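Everything on this sheet refers to the single structure shown next.
Please treat every number below as a calculation from the coordinates, not as lab data. What you see is a predicted model, and the numbers here were worked out from it, not measured in a lab. Here the Cβ is made from the backbone with ideal geometry for all residues, glycine too, and neighbour counts use every protein chain on show.
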Amino acid sequence: MKQTHILLGHGSGGRLSHELIRNLFVRHFHNPLLEQQGDAALIDVNSKKLAFTTDSFVVDPLFFPGGDIGKLAVAGTVNDLAVSGAVPKYLSAGFIIEEGFPLEMLEKVVISMAAEAQKAGVLIVTGDTKVVEKGKCDKLFINTAGVGEMIEGAENIAAGSTIEAGDKILINGSVGDHGMAVMGARNQLNISAGILSDCACLNQLTEMAIKQTNAIKFMRDATRGGLGTVMAELCEGRNFGIQLFEENIPMKEGVRGMCELLGFDPLYVANEGKVVVVVSPDAAEHLLKLFRAHPLGKEAVIIGEITSAHAGRTWLETSIGGSRIVDMPAGEQLPRIC
């Protein structure tokens, strides 16, 4: 049914988000660079290949186990550049602040951003600040944009244009940590004890992987919409399908239990420090070793493969021997998660 007003589901990263982007923004802003529709636009400036991206962060609460909106804003934009095959270099930071917001809390956010930027090796070089009347926004919203230099030979990674049947699918660790950490903090759930957000900058991990193997065909960070949405989006309308193996997908017991108790599908729960990689089969084990040697990839596993069967569809082989389709979610599972 055609929507006449914006719903929370339009911000989910799922089906409604994709329809909004395709039918409104891409239709009216139409140009070849936008049509790439990756996590970053790949642009040429004076014969230099760059990646350019932007993102906005509206997480609730602002501080959660394992991170805060400031760390999230830096990591989110750095990761969008990194999974596009770029080395992140410069960020901007725009703040929309509600009147009455504590200055001490704002400083904590800024300090967190500075620390994460230093850790990632990027510079925050420009920005903007707006203050709106009390009640006109919810405490603090942050927008960040980023520019990075493309790694030679990595131009096809964002589009996945060289993917073929037999390629393997890797992830660098457990799914659902960020979404459940934020959910627990938002609702002050004691059952969330021990669950920390995986919020982290992945650029050093991805740069190492790209430069030490020439067999990576696709990378994407599984943020809004989670792993399930990334997989469904990757094969939609393509001449290949995806086969995932549930027993191989890493998940912490606390996250699994919380999802079961609250009725969430962990495949669609947000992550902020997980990269999904498609790699040629002969290089999969080598890439796995490279990942596991890095602190952010020590739990890396092969979770599936590209198949010539069921083109355009992602199927999950369940741990009990059944199978089900993994599609994009139609609505919003967890609002204000990033």
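What the table below lists for this structure:
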read-out	value
Relative packing of 58-70, 249-261, 271-283, which averages over residues the other C-beta atoms within 10 Å, highest first	271-283, 58-70, 249-261
Relative packing of peptides 223-234, 90-101 - highest average C-beta neighbours within 10 Å first	223-234, 90-101
Nearest-0.05 FRET efficiency for Leu24 and Glu152, computed from C-beta distance (R0 30 Å)	0.25
MRE, 222 nm, helices only [DSSP H, n ≥ 4, -39500 (n - 2.57), over the chain, to nearest 500]	-8000 deg cm²/dmol
Where only C-alpha atoms are counted, convex hull volume of region 117-266 per residue in Å³	181
Percent of beta bridges antiparallel (DSSP, the chain, rounded to nearest 5)	80
Set of aspartates and glutamates near Lys48 by C-alpha distance (under 17 Å), chain-local residues within fewer than 8 positions excluded	Glu149, Glu152, Glu155
DSSP-defined antiparallel bridges as percent of all bridges, region 8-150, nearest 5	75
Phi to ³J(HN,Hα) by Karplus 6.51 cos²θ - 1.76 cosθ + 1.60 over region 321-338, Hz, x for Gly, Pro	x, x, 8, 8, 6, 10, 10, 5, x, 7, x, 9, 7, 9, x, 6, 9, 7
Links that overshoot a 18 Å alpha carbon limit, given the list Lys89/Lys298; Lys108/Lys139; Lys274/Lys298; Lys168/Lys289; Lys49/Lys211	Lys89/Lys298
Likely footprinting exposure, His10, His28, His310, fewest C-beta neighbours within 10 Å first	His28, His310, His10
Which of His18, His5 has the fewest Cβ neighbours within 10 Å, and the rest in rising order	His5, His18
Simple spin-label estimate for Ala293 and Gln36 in nanometres, 7 Å along Cα-Cβ	3.0
Low-density loop positions, trypsin sites (Lys or Arg not before Pro), region 5-73 - DSSP coil, at most 16 other Cβ in 10 Å	none
Geometric extent, Cα atoms of region 77-153 - Rg, Dmax (angstrom)	14.6, 49
Overall Cα dimensions of region 8-150 - principal axes, largest extent first, Å	44, 34, 27
Proximal aspartates and glutamates relative to Lys130, as straight alpha-carbon distance under 14 Å, when same-chain residues fewer than 8 apart are discounted	Glu98, Glu99, Asp138
Amide H partners (placed H, <5 Å) of Arg220, local residues excluded	Val276
Volume per residue of the C-alpha convex hull in the chain, rounded to whole Å³	147
Point-charge dipole on Cβ atoms (K/R +1, D/E -1) for the chain, about Cα centre, debye to 20	200
